[in-house]
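Trainee: After the structure tokens below, expect a handful of questions from me.
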Amino acid sequence: MGVTSEATPNLSNAIAAATIRRSHRPARYAGRMPSSETERWRAMNEPVIKQFRETGGQTSRKHPVILLTTIGRKTGKPRVTPLNFTVDGDRIAVIGSKGGSATHPSWYLNLLDDPIVTIEHGGETYRARARVAEEPERTRLFDQQAKAMPFFDGYRKRVKAREIPVVVFERLPGD
């Protein structure tokens, strides 16, 4: 069955539109554009995780990164997330900003259900207990990280629907 002349302009327009959409995809999305928010985060995070593990904790990112492994609260499966962090004494602190989103990140919700996590920091891997910082520690740690990484201050100013949590990781004894 052939294509009618009436359908040809619509078909041509559809092909042109698809070509334009593909040509404007960010380079990190090889193949199809992820459809869900979870898929988009995964597509951004997977190359960082791979590079981190291949280089013993180094990445090409401007700011330092740890890998956090939580247990998925719905799936029960390990979930790995690269996160910017700061060091506070012998502890690691992270901000649950989700890029300035109005909702909490999945990793944060996971550790509320199970606070025992795995941290990969530099070339070292260890188990830690996560806890949510409370005031005044929360503000002190947030300010400390925002000073080193000013984009976090922008998230703080933009997010009104929730308080962005700060999570502290303390190494488990013997780990």
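The values are calculated or read from the model by the stated rules, or taken from the named source; none is laboratory data. Everything numeric here is computed off the predicted structure, so don't read it as measured data. Cβ atoms come from the backbone with ideal geometry, glycine included; neighbour counts cover every protein chain shown.
Trainee: If a residue must be buried (at least 17 other Cβ atoms within 10 Å of the Cβ) and not in a loop (DSSP other than H, G, I, E, B), how many such residues does the range 123-143 contain?
Mentor: Of the residues in the range 123-143, 5 are buried (at least 17 other Cβ atoms within 10 Å of the Cβ) and not in a loop (DSSP other than H, G, I, E, B).
Trainee: So THR118 passes all but one of these: (1) in a helix (DSSP H, G or I); (2) touching a strand residue (DSSP E or B) at 6+ places or on another chain (Cβ under 7 Å); (3) modelled with pLDDT of 95 or more; (4) not basic (Lys, Arg). Which condition number does it fail?
Mentor: THR118 satisfies all of (1) in a helix (DSSP H, G or I); (2) touching a strand residue (DSSP E or B) at 6+ places or on another chain (Cβ under 7 Å); (3) modelled with pLDDT of 95 or more; (4) not basic (Lys, Arg) except (1).
Trainee: Cβ-Cβ distance below 7 Å, separation of 6 or more or different chains: which pairs start in the range 151-174 with a residue that is at pLDDT 90 or above and in a helix (DSSP H, G or I) and end on one that is surrounded by fewer than 16 Cβ atoms within 10 Å (Cβ to Cβ) and not hydrophobic (A, V, I, L, M, F, W, C)?
Mentor: GLY154/GLY100; TYR155/GLY100; ARG158/GLY100
Trainee: Are any residues in the range 113-122 surrounded by 15 or more Cβ atoms within 10 Å (Cβ to Cβ) and among the hydrophobic types (A, V, I, L, M, F, W, C), and if so, which ones?
Mentor: Residues satisfying the conditions are VAL117, ILE119.
Trainee: Here's something else I'd like to know. Could you look through the range 72-100, keep only residues that are without any contact (Cβ under 8 Å) to a residue 60 or more places away in the chain and of a type in the set (A, V, I, L, M), and pick out the one that is nearest to ILE164 (Cα to Cα)?
Mentor: The selected residue is LEU83.
Trainee: Can you find a residue in the range 101-113 that is without any contact (Cβ under 8 Å) to a residue 60 or more places away in the chain, in contact with a Pro (Cβ under 8 Å, 6 or more places away or on another chain) and over 20 Å from ARG40 (Cα atoms)?
Mentor: no
Trainee: Taking the condition of being of a type outside the set (A, V, I, L, M, F, W, C) and loosely packed, with under 13 Cβ neighbours inside 10 Å, how many residues in the range 59-110 meet it?
Mentor: Qualifying residue count for the region: 12.
Trainee: Taking the criterion of being more than 22 Å from ASP175 (Cα to Cα), touching a His at 6+ places or on another chain (Cβ under 7 Å) and not β-branched (Val, Ile, Thr), would at least one residue in the range 109-125 satisfy it?
Mentor: Scanning the range 109-125 turns up no residue that is more than 22 Å from ASP175 (Cα to Cα), touching a His at 6+ places or on another chain (Cβ under 7 Å) and not β-branched (Val, Ile, Thr).
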